[in-house]
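Visitor: The structure under discussion is supplied below as structure tokens; questions concerning it will follow.
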Amino acid sequence: MKPYESKISIKSWAEEDRPREKLSAQGRRALTDAELIAILIGSGSRTESAVELSKRILHHYGNDLNNLGKASISELSKFKGIGEAKAISIIAALEIGRRRNDTETKVPDVVKVSKDAFNIMHRYFRDLGHEEFWIILLGQSGNVIAKELVSKGGISGTVADPKIIFHTALQHHAVSIVLMHNHPSGNLKPSQLDIDLTKKIAAAGKMLDINVSDHLIITNEGYYSFADEGLF
């Protein structure tokens with residue numbers, strides 16, 4: 001009789017329980033999240049199988065693929081059995097899934113209300129660990145002419161130069177613009193700096209006859225509209 005083994009490799013599992021064979025025989029929807037990730041990483045370590053390692057990673061991120069999708073290479077590489085190559089495979093697969101979801105989402109090409117602007121732009125801000133400041137450039141009927149990145153910053157802030165904003169608007173012959181930036185912290189409340197900057201840009205827009213119609217603060221959970229809150 002063989003001695004008792006506390007850990008069993010995937011190769012020793014019943015064929016129907018091996019992730020690759022299971023996907024081939026039963027289809028992709030038969031696999032758990034951990035089994036799908038196990039296929040990505042290919043192998044575990046001496047002490048645990050790829051599926052067990054995948055379960056441990058998922059547990060760390062609250063069994064939430066959205067949370068796992070925010071992980072960096074260095075964060076994933078801290079797990080025993082996950083090197084840089086495996087971390088990159090996980091990140092790449094989750095990014096492909098995110099982009100697929102984006103392409104399936106039909107967004108309006110006209111901005112009439114704040115929700116329209118959010119629907120168009122939220123995918124650009126999803127899972128960012130730093131702040132970015134964007135503008136949507138609009139034509140006479142609210143049609144979207146262009147979407148432009150104005151600046152990138154750190155975790156706590158970014159600087160938006162009104163000169164760059166209106167230079168871009170004039171180049172595109174925009175009638176109005178929507179300001180947008182994200183808060184990686186998840187806090188939707190505008191800072192005093194956000195409020196002061198919005199007033200400054202709106203005042204400059206009036207001098208150039210370019211309407212600043214809204215300013216949205218975006219997080220993974222939703223958005224805050226200056227216009228909806230009566231701050232214009």
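Visitor: Roughly how many Å² of residue 72 are accessible to a 1.4 Å probe, to the nearest 10?
Guide: Here the residue's solvent-accessible area equals roughly 40 Å².
Visitor: Let me ask another. Nearest 0.05, what FRET efficiency do residue 61 and residue 103 give at R0 = 25 Å with Cβ-Cβ as r?
Guide: Between residue 61 and residue 103 the formula returns 0.50.
Visitor: Then there's this: Counting only heavy atoms of protein chains, what accessible area per residue, in Å², does the chain have with a probe of 1.4 Å?
Guide: I get 60 Å² per residue for the chain.
Visitor: Could you list, bin by bin from short to long, the percent of Cα-Cα pairs of the chain in 5 Å steps?
Guide: Result, from short to long distances: 1, 6, 12, 14, 14, 11, 9, 8, 7, 6, 5, 3, 2, 1, 0, 0, 0, 0 percent.
Visitor: Would you please classify the overall shape of the stretch 66-197 from the alpha carbon gyration tensor, given that a ≥ b ≥ c denote the square roots of the eigenvalues, rounded means a/c under 1.5, and beyond that prolate means a/b larger than b/c while oblate covers the rest?
Guide: prolate
Visitor: So, taking all protein chains as they sit and a 1.4 Å probe, how much accessible area belongs to residue 161, in Å² rounded to tens?
Guide: 50
Visitor: Also: Over the chain, what percent of the accessible surface lies on carbon and sulfur atoms, probe 1.4 Å?
Guide: Carbon with sulfur: 52 percent of the solvent-accessible area.
The values are calculated or read from the model by the stated rules, or taken from the named source; none is laboratory data. Computed from a predicted model, the values in this text were never measured in an experiment. Glycine also receives a Cβ, built like all others from the backbone with ideal geometry; neighbour counts cover every protein chain displayed. In case anyone asks, the SASA skips ligands and DNA or RNA and just uses the protein heavy atoms, side chains included. Shrake-Rupley method; radii C 1.70, N 1.55, O 1.52, S 1.80 Å.
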